[in-house]
1. Could you check region 504-528 and list, in sequence order, the residues that are outside any loop (DSSP other than H, G, I, E, B) and either among the β-branched types (Val, Ile, Thr) or out of contact with any Lys or Arg (no Cβ under 8 Å at 6 or more places or on another chain) (or both)?
2. Residues in region 548-562: is at least one open to solvent by less than 60 Å² (accessible area, probe 1.4 Å), within 30 Å of ARG296 (Cα to Cα) and not charged (D, E, K, R)?
3. Pull up region 324-353, narrow it to residues that are among the hydrophobic types (A, V, I, L, M, F, W, C) and under 16 Å from LEU421 (Cβ atoms), then point me to the one that is farthest from the chain's Cα centre (by Cα).
4. Only one of ARG485, ARG580, ARG492 is in a loop (DSSP other than H, G, I, E, B), open to solvent by 60 Å² or more (accessible area, probe 1.4 Å) and within 25 Å of ALA435 (Cα to Cα); which?
5. Among the numbered criteria (1) under 23 Å from the mean Cα position of the chain (by Cα); (2) closer than 30 Å to ALA333 by Cβ; (3) open to solvent by less than 40 Å² (accessible area, probe 1.4 Å), which one does LEU77 miss?
6. Among residues belonging to region 83-98 that are within 15 Å of ALA435 (Cβ to Cβ) and assigned to a strand (DSSP E or B), point out the one that is farthest from the chain's Cα centre (by Cα).
7. Looking at region 321-357, which of its residues are of a type in the set (A, V, I, L, M), open to solvent by 20 Å² or more (accessible area, probe 1.4 Å) and under 21 Å from PHE404 (Cα atoms)?
8. Looking at ALA435, ALA430, ALA445, can you tell me which residue is open to solvent by less than 50 Å² (accessible area, probe 1.4 Å), touching a residue at least 60 places away in the same chain (Cβ under 8 Å), of a type in the set (Gly, Ala, Ser) and within 16 Å of GLU398 (Cα to Cα)?
Amino acid sequence: MSDARSPFWAKLNGLIQQIYPDHAAEELGPRLVEAFWPEGATMRKRGRVPGNRQWSERDALCITYGNSIVDGQHKPLDLLRDFLHSHFVGTINGVHILPFFPYTSDDGFAVTDYRAVNPVLGDWADISRIGSEFLLMSDLVLNHVSSQSNWFASYRQGHAPYDGFFFEASPEDDLSEVVRPRTHPLLREVETSRGTRHVWCTFSHDQVDLDFRNPEVLLEFLRIMRLHMDNGVRIVRLDAVAFLWKEVGTRSIHMPQTHAIVRLMRHFADYAAEPLILLTETNVPNAENLSYFGNRNEAHAVYNFSLPPLVLHAMLAGTAKRLIRWQGGMPPAQLGCAYLNFTASHDGIGMRPAEGILSAEDTGKVIDAVRSFGGEVSMRALPGGGQSPYELNITWFEAMKGTFAGEDGHQIARFLASQTLVMALEGIPAFYIHALLATPNDREAVEKTGHNRAINRHRWDYGRLQALLEDPESDQHVVLQEMLRRIGIRRRQRAFHPNATQFTLQLDERVFGLWRQSLDRDQSIFALHNVSAETVEIDPLAINLIEGEEWVDLLSGERVEPSGGPIGFAPYQCRWITNRG
């Protein structure tokens, strides 16, 4: 029996009242607990308190699909594991395997069976093996399910409990304020055993939104979370969580019930015997994104979604002015929270998080440059009509081909500067496999699928990839080796702990500078990144290098004298100047 007086049950009952006020907490609470802690699962006696020991400077993630590497003979998950062991051991300790379930569209995000591994990739034993060797992140695709799933088939046939699993609305409803990430009609008409119905489809008509007003849906996803944890997952990415709760007549994004559900999941994670980090995926303007930290009681980590478009703008414009201004106003993550920093991902470069930061002119220049480098632009529908850019579709390596002035010969240096900058920021760095491998645009995949995002979801033939990685002249070899060298340096610096002190420096606008200080205040790093194709000099006095300390640039090995002459930067050169190298 539950003890309503205990801290665990008191908090859970309060959350249930916020989410499901029409359900008795004393009845629903034990069912939720049983879903997450079935027989054999262990629950902590006391919940974890917020702290900074969940992660360290030694953590870095690779983002990849289960079949980003193929050879036509072996299981892709076996090839992925071989690649991880061959290149990342001792450098990149974590891996985010994007949805590895059976699916019908959107490269895995239209799931047909949440309890199975796509047999084309491998099986649960392969997932568990990787989870035992690397910090493993998986996706909880909880906003929607494939229209060809058994869940949706059962809904259409009127079979319980799935007859109440999907969100229905009417074409007569006022849906004008609904925030949309796409341009297709929101509602899809379907025939069911109960007659014609209209189901809500935020992302595509093959991805039908679930109805979390029904607690049976939440119960099912708590069971699915447990399945992931039992197979070695230690970071759960809450995909598209901002759209979870819908109400006709509202914007149907960031609803109070959505935040309460995230708090409930965090509450359970705090009492799980296994260390579990919740990461929210909310590709929205910055203030909205940061709201998912809650009051140290929602997500442990959030994607730093404003970073990709602002870094892209800095590299294309040759000035960090916009990036510096934004970073200077970013709050440090609360205790027990961290940013996940990235530039490239399996999706495009989201433009909504740059709203209010980049001007319309800035955005237009970025779009023109991306198109000139072979990229595409995907649009979203606006409330009341009209469209605006939602994301840019291009590989990050190709996006670094040049500047607003056109292509030049600095692609690799510019690319490395963009990634080094990300490594230096407060938070945990994550690198998409196609950034690490300097993958070019896959135009053939776009033409074959008709989807812009396919441009950045190339599948490498393992034999060809290995040959390129062994060729010291190839972009793939040069980029991966230097990336691993810099990540290896980073993971040895206590001042790069995800929660170490950070101040944004006001220097030459061509240099994005940070001061980082370790939690014990022993190590300082001045991380300076030239985002321009010009030679730049910085006066040592401008960064307050303390006399009497020995300062060294970790990236080049050069000594830096506080009383010496100006510190020089070649085009796109980065320096991490520290007193404790």
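The values are calculated or read from the model by the stated rules, or taken from the named source; none is laboratory data. It should be emphasised that the depicted structure is a prediction, and the values quoted were computed from it without experimental measurement. Positions of Cβ are backbone-derived with ideal geometry, glycine not excepted, and every protein chain shown enters the neighbour counts. For accessibility, only protein heavy atoms count, side chains too; no ligands or nucleic acids. Shrake-Rupley method; radii C 1.70, N 1.55, O 1.52, S 1.80 Å.
1. Taking region 504-528 and keeping what is outside any loop (DSSP other than H, G, I, E, B), we get 504-505, 511-517, 524-528.
Matches in region 504-528: THR504, LEU505, VAL511, PHE512, GLY513, LEU514, TRP515, ARG516, GLN517, ILE525.
2. no
3. Let us first name the residues in region 324-353 that are among the hydrophobic types (A, V, I, L, M, F, W, C), namely 324, 326, 330, 333, 335, 337-338, 340, 342, 344, 349, 351.
Filter once more, keeping what is under 16 Å from LEU421 (Cβ atoms): 324, 326, 330, 340, 342, 344, 349.
Working: ILE324: 22, TRP326: 19, MET330: 18, LEU340: 7, PHE342: 7, ALA344: 9, ILE349: 11 Å.
So, considering only residues that are among the hydrophobic types (A, V, I, L, M, F, W, C) and under 16 Å from LEU421 (Cβ atoms), the one farthest from the chain's Cα centre (by Cα) is ILE324.
4. Numbers: ARG485 fails: in a loop (DSSP other than H, G, I, E, B); ARG580 fails: within 25 Å of ALA435 (Cα to Cα).
Within the list ARG485, ARG580, ARG492, the selection yields ARG492.
5. (2)
6. Ranking the qualifying residues of region 83-98, first place goes to VAL95.
7. Within region 321-357, ILE357 is the sole residue that qualifies.
8. Working: ALA430 fails: within 16 Å of GLU398 (Cα to Cα); ALA445 fails: touching a residue at least 60 places away in the same chain (Cβ under 8 Å).
Criteria check complete, one pass: ALA435.
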